[in-house]
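S.K.: Here it is, the structure in full.
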Amino acid sequence: MSETTVVYGDAVLDVIFSLYGPLKHAAKLLGRAAGTTPRTAENWLRKANCPQMRHVFAIAESNDEFAAEIMRLLGEVRCSGQSSSKGAGAASAIPTASSRKSGSG
């Protein structure tokens, strides 16, 4: 795992903790949102493990505030140019909403 991956994994865990940590029954609520067990969610809240992408997507689908924070993190990655060379070509081939409107892409 690269250093960048660890940094963004920590950022995702920070978002999870800030949104769910203060809640009563946080592990149950987070587990339900992610489609996993409360025990797994508890490990995320303790920052012992990072969620898999399918869990991140499930949480984002059920929690708009979480989705907004993840999108903000993605914006930071794009602005800093830290995307991998492997993924950069594929990502640039995908038309964005603005390129579809303007007719380019």
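The values are calculated or read from the model by the stated rules, or taken from the named source; none is laboratory data. Here the structure is a predicted model, which is why all the values come from computation and not from measurement. Note that each Cβ is placed from the backbone with ideal geometry, even for glycine, and that neighbours are counted across all protein chains shown.
Here is a yes/no grid of residues against (1) surrounded by 15 or more Cβ atoms within 10 Å (Cβ to Cβ); (2) modelled with pLDDT under 95; (3) closer than 16 Å to residue 9 by Cβ:
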residue: 44; (1), (2), (3): yes, no, yes
residue: 55; (1), (2), (3): yes, no, yes
residue: 68; (1), (2), (3): no, no, no
residue: 78; (1), (2), (3): no, yes, no
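S.K.: Here is a further query. How many of the residues in region 36-53 are in contact (Cβ under 8 Å) with a residue 12 or more places away in the chain and under 15 Å from the mean Cα position of the chain (by Cα)?
M.R.: The number of residues fulfilling the criteria is 6.
S.K.: What number of residues in region 22-42 are surrounded by 15 or more Cβ atoms within 10 Å (Cβ to Cβ) and assigned to a loop (DSSP other than H, G, I, E, B)?
M.R.: Number satisfying all stated conditions: 1.
S.K.: Filter region 1-35 down to the residues that are under 12 Å from the mean Cα position of the chain (by Cα) and of a type in the set (Asp, Glu), then identify the one that is nearest to residue 78 (Cα to Cα).
M.R.: Residue satisfying both the conditions and the ranking: 10.
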